[in-house]
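**Student:** Next up is a structure, given as structure tokens.
The values are calculated or read from the model by the stated rules, or taken from the named source; none is laboratory data. Everything numeric here is computed off the predicted structure, so don't read it as measured data. As a convention, Cβ positions derive from the backbone with ideal geometry for all residues, glycine included, and neighbour counts pool all protein chains shown. Accessible surface areas use protein heavy atoms only, side chains included; no ligands, DNA or RNA. Shrake-Rupley method; radii C 1.70, N 1.55, O 1.52, S 1.80 Å.
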Amino acid sequence: MNSKLLFLTFFIVFSLIHINTMAQEAITPRPSPTAIVTMKYDDTYVKLTYSQPHKRGRDIFGTLVPYGHVWRTGANEATEITLTGNVLMNGDTLKAGTYSIFTIPQKEKWTIIINDELGQWGSYNYHQDSDVMRFDVPVEKTQSVVWEPFTMAFEQKNEEAALLIMWDQTKVSIPIQFLTL
């Protein structure tokens, strides 16, 4: 009986030491870290969650991100936007809620896609029939700035704003207008 108790005690102590050792291992950061940007006007709050890949000397648009194909707009999980109130996006009403943002990059324009399927990894399971809206925006080539990390930002002036998407020497701007009561 004592040998069983001794074995059980040894097993528990060894298990605790093993668990404690595993808990001390460092978690390595993602190569494309998560980023969150927000803006607010009156009672409407907007939050954008995306992952930031980096250029790292690579050719980006047309190569790493091929032209003419649906892209997750960042890395890892598909980019998501959450709105607590209705807004106009490119002149059309986008109702309060959470949506995925996909894009189809081209040399001269990008197609912006707002889709109501959430929790997607990349654009592998993208379904066009779940699109809430689609519209095109022009591409701006930056001459003096190279964006090393993929960057999304809000540029806001009162009830008018723009969602900026910038990477390498490419910039697109999505117009947003808060609806006031």
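**Student:** Do the sum for the chain: with -39,500 (n - 2.57) for every DSSP H run of n ≥ 4, divided by all residues, what is the mean residue ellipticity at 222 nm, to the nearest 500 deg cm²/dmol? Could you put the intermediate results ahead of the total?
**Tutor:** Values: 1 runs with 22 residues, N = 181.
It lands at -4000 deg cm²/dmol.
**Student:** Accessible area per residue of the chain at 1.4 Å probe, in Å²? Write out the running numbers ahead of the final one.
**Tutor:** Values: 10840 Å² over 181 residues.
Per residue, the chain has an accessible area of 60 Å².
**Student:** Going down the table (K107/K157; K55/K107; K95/K171; K47/K157), which pairs top 23 Å between alpha carbons? Can you show the working numbers first?
**Tutor:** On the way: K107/K157 29 Å; K55/K107 18 Å; K95/K171 26 Å; K47/K157 17 Å.
From the list (K107/K157; K55/K107; K95/K171; K47/K157), the Cα-Cα distance tops 23 Å for K107/K157; K95/K171.
**Student:** Compute the length gained on full extension between D136 and Q169: take 0.36 nm times their separation in residues and subtract their Cα-Cα distance, giving the result in nm to one decimal.
**Tutor:** Value of the extension gain: 10.0 nm.
**Student:** Applying a 10 Å radius around every beta-carbon, put 143-154, 39-50 in order of their mean neighbour count, most first. Don't skip to the end; give the middle numbers.
**Tutor:** Details: 143-154: 13.9, 39-50: 17.2.
Peptide ranking by packing, descending: 39-50, 143-154.
**Student:** Please give the contour-minus-distance gain from Q143 to D42: 0.36 nm per residue of separation, less the Cα-Cα distance, rounded to one decimal in nm. Working shown, then result.
**Tutor:** Details: separation 101, 0.36 × 101 = 36.36 nm, distance 3.61 nm.
Extra length available between Q143 and D42 comes to 32.7 nm.
**Student:** Related question: Quick check on the stretch 62-180: take the gyration tensor over C-alpha atoms, sort the square-rooted eigenvalues as a ≥ b ≥ c, and tell me if it's rounded (a/c under 1.5), prolate or oblate.
**Tutor:** Details: a/c = 1.76, a/b = 1.13, b/c = 1.55.
Verdict is oblate for the stretch 62-180.
**Student:** Expressed as an acute angle from 0 to 90° and rounded to the nearest 10, what is the orientation of the C-alpha long axis of helix 2-23 relative to the principal long axis of the chain?
**Tutor:** Value to nearest ten degrees: 30.
**Student:** Shifting gears a bit: Extending each Cα 7 Å along its Cβ direction at D59 and D129, get the distance between those two points in nm, one decimal.
**Tutor:** About 3.8 nm, to one decimal.
**Student:** Continuing with the same structure: Would you work out what percent of the accessible area of the chain, with all protein chains in place, is carbon or sulfur (probe 1.4 Å)? Intermediate results must be reported in sequence, preceding the final value.
**Tutor:** On the way: 5980 of 10840 Å².
Percent of accessible area from carbon and sulfur atoms in the chain: 55.
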